[in-house]
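Contents: one structure, followed by commentary.
The values are calculated or read from the model by the stated rules, or taken from the named source; none is laboratory data. Keep in mind that this is a model prediction, so the values were computed, not measured. Please note: Cβ atoms are built from the backbone with ideal geometry, for glycine as well, and neighbour counts cover all protein chains shown.
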């Protein structure tokens, strides 16, 4: 597959990406466990069919020490026994937050209450921000048909 446009070689696209990156870093100090963020980014990317982001977040998570078995089970987290209750709450929030158009009421009160049992307000806002930013990235890459598979950990860092 070849990208429809070169988002990494276009000045306007790079400006947009710079701002998305900045938004994504706004909550770096939110005390949200890095592993949770990686799981959320991977799950939203899977739901949105973003091969580029799925490849990137899988590889980054492995590079940071995450177990490949856990990452391979993210798409089936409800049936998997390898996730904590807090991780499950974050994954469920990511799913409902990503599927807003599919869920008549958006994120349900039950899903929000479950996430709030495991994360403080700052961490919840960091989760919301991560879900929002990855959904924007997913849409950018899916629309541009950014090819997947060649990402190397730290490539953009």
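When residue 66 is tested against (1) modelled with pLDDT of 95 or more; (2) surrounded by 12 or more Cβ atoms within 10 Å (Cβ to Cβ); (3) part of a helix (DSSP H, G or I), exactly one condition is not met: (3). Consider residue 115 carefully, then state whether it is in contact (Cβ under 8 Å) with a residue 60 or more places away in the chain and either more than 11 Å from the chain's Cα centre (by Cα) or surrounded by fewer than 21 Cβ atoms within 10 Å (Cβ to Cβ) (or both). So residue 115 fails the test. Considering the range 24-62, and only residues there that are modelled with pLDDT under 90 and in a helix (DSSP H, G or I), the residue that is surrounded by the fewest Cβ atoms within 10 Å (Cβ to Cβ) turns out to be 34.
Scanning the range 134-152 for residues that are at pLDDT below 95, exposed (fewer than 14 other Cβ atoms within 10 Å of the Cβ) and at negative phi gives 150, 152.
Just checking, which of 130, 89, 126 is part of a helix (DSSP H, G or I), farther than 30 Å from residue 4 by Cβ, touching a residue at least 40 places away in the same chain (Cβ under 8 Å) and touching a helix residue (DSSP H, G or I) at 6+ places or on another chain (Cβ under 8 Å)? Only one candidate qualifies: 126.
Taking the condition modelled with pLDDT of 95 or more, closer than 27 Å to residue 12 by Cβ and surrounded by fewer than 20 Cβ atoms within 10 Å (Cβ to Cβ), does residue 73 pass?
Working: modelled with pLDDT of 95 or more: yes; closer than 27 Å to residue 12 by Cβ: no; surrounded by fewer than 20 Cβ atoms within 10 Å (Cβ to Cβ): yes.
Considered against the rule, which asks whether it is modelled with pLDDT of 95 or more, closer than 27 Å to residue 12 by Cβ and surrounded by fewer than 20 Cβ atoms within 10 Å (Cβ to Cβ), residue 73 comes out as no.
In the range 17-30, the residues that are more than 21 Å from residue 124 (Cβ to Cβ) form no Cβ pair under 7 Å with any partner that is exposed (fewer than 10 other Cβ atoms within 10 Å of the Cβ) and at pLDDT 80 or above, whether six or more places apart or across chains. Quick check: anything in the range 76-83 touching a helix residue (DSSP H, G or I) at 6+ places or on another chain (Cβ under 9 Å), modelled with pLDDT of 95 or more and assigned to a helix (DSSP H, G or I)? No, every residue in the range 76-83 fails to be touching a helix residue (DSSP H, G or I) at 6+ places or on another chain (Cβ under 9 Å), modelled with pLDDT of 95 or more and assigned to a helix (DSSP H, G or I).
Residues in the range 92-123 that are under 22 Å from residue 48 (Cβ atoms) and assigned to a loop (DSSP other than H, G, I, E, B): 99, 100, 101, 102, 103, 104, 105, 106, 107, 108. Scanning the range 123-133 turns up no residue that is modelled with pLDDT of 95 or more and surrounded by fewer than 14 Cβ atoms within 10 Å (Cβ to Cβ). Against the definition (closer than 13 Å to residue 37 by Cα and surrounded by fewer than 19 Cβ atoms within 10 Å (Cβ to Cβ)), how does residue 78 come out, yes or no? Taking the combined requirement at face value, the residue does not satisfy it.
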